[in-house]
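Derivation of every value follows stated rules applied to the coordinates shown; laboratory data play no part. Just so you know, these numbers come straight off a predicted model, no measurement behind them. Glycine gets a Cβ as well: all are built from the backbone with ideal geometry, and neighbour counts include every protein chain shown.
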Protein chains: 2
Amino acid sequence: MKPSVGIRDVAQHAGVSNATVSNVLNRPDVVAPATRQRVLAAIEELGFVRNESARQLRAGRSRVIAYVVLDAANPFFTDVARGVEDAAREAGLALFLCNSASDAGREREYLELLHEQRVEGILVTPVDGESAHIAERGTPVVLVDRESTDGTHCSVAVDDVLGGELAVTHLIENGHTRIAMVGGPLSIQQVRDRYEGALRALANAGLPADSLTLLETRGLQVAEGRGAGERLVGLPSSRRPTAAFCANDLLALGLLQSMTQQGLKVPDDLAVVGYDDIEFAAAAAVPLTSVRQPRDQLGRTAASLLLAENEPDHEHRHVKFQPELVVRASSAVRR
Amino acid sequence: MKPSVGIRDVAQHAGVSNATVSNVLNRPDVVAPATRQRVLAAIEELGFVRNESARQLRAGRSRVIAYVVLDAANPFFTDVARGVEDAAREAGLALFLCNSASDAGREREYLELLHEQRVEGILVTPVDGESAHIAERGTPVVLVDRESTDGTHCSVAVDDVLGGELAVTHLIENGHTRIAMVGGPLSIQQVRDRYEGALRALANAGLPADSLTLLETRGLQVAEGRGAGERLVGLPSSRRPTAAFCANDLLALGLLQSMTQQGLKVPDDLAVVGYDDIEFAAAAAVPLTSVRQPRDQLGRTAASLLLAENEPDHEHRHVKFQPELVVRASSAVRR
DNA sequence: CCTCGATGTTGAAACGTTTTAACACCTGAG
DNA sequence: CTCAGGTGTTAAAACGTTTCAACATCGAGG
């Protein structure tokens, strides 16, 4: 469509060589002020836009990192992304966000594309345990919110087992002995870990393992939480749990909504604990007790690990943060 | 670090020319099955990853579009992005998300970078009215959730004036005559339009213009809504509005939260109407009346307009959708 | 036996930058 | 007057692909 003006056109128009134009672009200080002005004027006049592909091809480096998130609609991940972006900007890098939407195929496609693009680095919160396709291929990869199982990558995670334990211990201390765990699919590592933590809490308290009912969902979205709520209410009230621990806040919010719709009170009829402590948790119908993760720090740390990958003698590091229980009305002590 | 294996290495290893390798990659059908296998094996064995920069430089086209969003933490935009991505994938394109975070400088940087990257197209929900820096520079740009003022771009928008009118008319019909408009900064087009709609609703009902108090905020996040709530409660109760129309749901949720904390009831002490009808609106402390926009369709349409930009005799189109009021408990009729 | 078309394969020329080493020029010191 | 050292500028060689026209091979039709 357009004649596409290149660096040579600018050079010709300004009466200099293309090397000089390149210098104006990359090392403005080495070129004489008068020439620089002339070149800048030519760039302006011709509407020249530098071709990043060519630049990258020759220079070998990119100015971009990418973060492949599990679910862009989950505020938890956008908050982590915020931390990543802040750290990236300080290093002069831009951040591209990609949404795998919990789909392993999409995740693979994005990773493939990003490798081909030769971005400076890739952050990923993987869909499932199989990290085969995340193998190193020249571009540094850091796992976010997931521990690297085989140690082939750096990783930044939160102790989800502890998180689950905190949540369920809290419920037990509040007198609950029939508890539901809402979450799934179990192929997601985070869900498995939080479940394991819940079981550990039971064991610690000397409760039988069948005190915990697993209500497995097909995903971690609000709608799935609503569905779980309906299933829960369908149970005979003698066997119905008095408390629910949800694998994330989206589920908890859906569950909450479903309870209200069906005329049940939270926390009186059902205590609810969520996970992530997203901003909406505190603004919910009943303010939500939740397990808080250091989202911002998670992101910042992930970014800095990624940037450190290029250092000469790099060893993969695995950072693990501690979660923290935030108690609100949804799990208040039963009257 | 790595010797970086290229197409020539693969060619040599498979005993063919580089052109053949390229063919295997781009037109697998033209190369003989036996050769193809051999080449694929070599690719696998050497761990070859195609260099997209080189490809794009030569081929001239990219396989990516980007969406520069106003606030990645706002579920409204991630929902729009979902629609964009669905449409993009159908066309074989990947989507990169960039977050301007309501910062004009960041927006400009991202746009600049994307132009330099020569992506296939750019979608943007701009920070402010000044669209000077969004000027065409070879890469098609489509405005999302904002009407193109000077007609230099395609755009997809929703009639925000009508939306504001719907919201406030609803409040007036419910008997409110002292209404607050919460939102800002007014440099954001959407806020201005919704405000204008609110004023129109007053005029239609024959109410004086001072029935509407503008509570201007510095942004459209939950925290700003909480702040507005405090300001609102600080007013002498004789002059305090009995209803609030918020420029988006995040503000409304913050406002709601602040009301509850301060011991005021919604809708009895204050009716609240939000805007966007994000999923969390229905799950809020008091289910939120809100103005719904066709988020998914907004995204899909934007993407298809973008893809149409490359057609031979393209004329810029401006699509405008109608919003719809969804009434819930937060604005129920006063008892 | 010659020709023709179909089928696979290839050499070499782009694509638009960055970068390196060399070059021209000038200024001030010896 | 010469020379060392600095300051600006440049020619040309990459970077790793895609693509085009040309080329080889082969089976079939005349």
Which log10 I(q)/I(0) values, to two decimals, does the protein assembly as shown give at q = 0.08, 0.09, 0.10 Å⁻¹ under the Debye formula with one point per Cα? -0.68, -0.85, -1.02
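What 222 nm value per residue comes from the helices of the protein assembly as shown, counting each DSSP H run with n ≥ 4 as -39,500 (n - 2.57) and dividing by all residues, nearest 500 deg cm²/dmol? Mind dumping the intermediate values first?
On the way: 24 runs with 288 residues, N = 670.
After summing the helix terms and dividing by residue count, I get -13500 deg cm²/dmol.
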Give the Rg (one decimal place) followed by the Dmax (whole number) of region A:144-280, computed from C-alpha coordinates and expressed in Å. 14.7, 50
A:Arg239 versus B:Arg58: modelled label distance in nm, points set 7 Å from Cα along the beta carbon direction: 6.6
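If the convex hull of the alpha-carbon atoms of region A:219-288 is projected onto planes in all directions, what is the mean projected area in square nanometres?
On the way: hull surface 16.2 nm².
That works out to 4.1 nm².
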Fully extended contour minus Cα-Cα distance, from B:Gln12 to B:Asn26, at 0.36 nm per residue: 3.2 nm
Kirkwood hydrodynamic radius (C-alpha pairs) into Stokes-Einstein, region B:226-335, 4 °C and 1.567 mPa s, D in µm²/s: 83
Rg (Å, one decimal) plus Dmax (Å, integer) for the alpha carbons of chain A? 25.6, 88
Can you tell me how region B:52-145 classifies by the Cα gyration tensor, rounded, prolate or oblate, using a/c under 1.5 as the rounded cut? oblate
Which angle between 0 and 90 degrees, to the nearest 10, do you get for helix B:222-234 versus the longest principal axis of chain B when only C-alpha atoms count? 10
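Give me the tail of P(r) for region A:113-167 as a percent: Cα-Cα pairs with distance above 12 Å. Kindly include the intermediate steps, with their values, before the conclusion.
Numbers: 991 of 1485 pairs.
Result: 67 percent of Cα pairs exceed 12 Å.
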With a Förster radius of 56 Å, plug the Cβ-Cβ distance of A:Ala19 and B:Thr213 into 1/(1 + (r/R0)^6) and report the FRET value to the nearest 0.05. 0.35
Distances from B:Leu186 to the same position in the other copies: list them in nm, one decimal, shortest first, using label points 7 Å from Cα along Cα→Cβ. 5.9
Just to confirm the numbers: A:Leu214, label point 7 angstrom along the Cα-Cβ line, distances to the other copies in nm, shortest first? 5.7
Most mobile of A:Ala203, A:Ala104, A:Ala41 per a Gaussian network model of chain A (Cα springs, under 10 Å)? A:Ala41
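Calculate the FRET efficiency for A:Ala205 and A:Glu136 from the Cβ-Cβ distance with a Förster distance of 41 Å, rounded to the nearest 0.05.
Approximately 0.40, to the nearest 0.05.
Find the Rg to Rh ratio for region A:1-157, where Rh is the Kirkwood radius over alpha-carbon pairs and Rg uses the same atoms.
Values: Rg = 20.1 Å, Rh = 18.0 Å.
The Rg/Rh ratio comes out at 1.12.
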Using only the alpha-carbon atoms, how far is helix A:33-46 inclined from the longest principal axis of chain A? Give it as 0 to 90 degrees, nearest 10. 70
Please check: in the Gaussian network model of chain A (C-alpha springs, under 10 Å), which one of A:His115, A:His13, A:His170 has the largest mean-square fluctuation. A:His13
With 0.36 nm assigned to each residue of separation and the Cα-Cα distance removed, B:Glu112 to B:Glu324 gains 72.7 nm
Most fluctuating residue given options A:Pro33, A:Pro312, A:Pro236, as computed from a GNM of chain A linking Cα atoms under 10 Å: A:Pro33
Sort A:189-196, A:73-80 by packing, meaning the average of other beta carbons within 10 Å per residue, with the highest value first. A:73-80, A:189-196
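Taking the Cβ of B:Ser290 as the centre, find all other residues whose Cβ is under 14 Å away and add up their charges (Lys, Arg: +1; Asp, Glu: -1).
Values: positive: B:Arg194, B:Arg292, B:Arg295, B:Arg328; negative: B:Asp79, B:Asp160, B:Asp249, B:Asp276, B:Asp277, B:Glu279, B:Glu324.
Charge balance in the 14 Å sphere: -3.
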Tally Lys/Arg at +1 and Asp/Glu at -1 over every other residue whose Cβ is under 13 Å from the Cβ of A:Gly92; what's the total? -2
Treating the point 7 Å from Cα along Cα-beta-carbon as the label, what are the nm separations from B:Asp29 to the other copies, to one decimal? 5.7
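Once you average over the residues of A:288-300, how many Cβ atoms of partner chains fall within 10 Å of each Cβ? Present the calculation step by step, with values, prior to reporting the outcome.
Working: counts 0, 0, 0, 0, 0, 0, 0, 0, 0, 0, 0, 0, 0.
The shielding value for this peptide is 0.
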Here region B:184-195 yields Karplus 3J(HN,Hα) values (6.51, -1.76, 1.60; θ = phi - 60°; whole Hz; Gly and Pro given as x) of x, x, 5, 5, 7, 3, 4, 5, 4, 4, 5, 5
Determine the shielding of peptide B:75-87 by partner chains: average, over its residues, the number of Cβ atoms on other chains within 10 angstrom of each Cβ. 3
Could you work out how far helix A:295-308 tilts from the main Cα principal axis of chain A, as a 0 to 90 degree angle to the nearest 10? 40
If I model a spin label at A:Asp86 and B:Gln37 as a point 7 Å from the Cα along the Cα→Cβ vector, what separation in nanometres do I get? 5.6
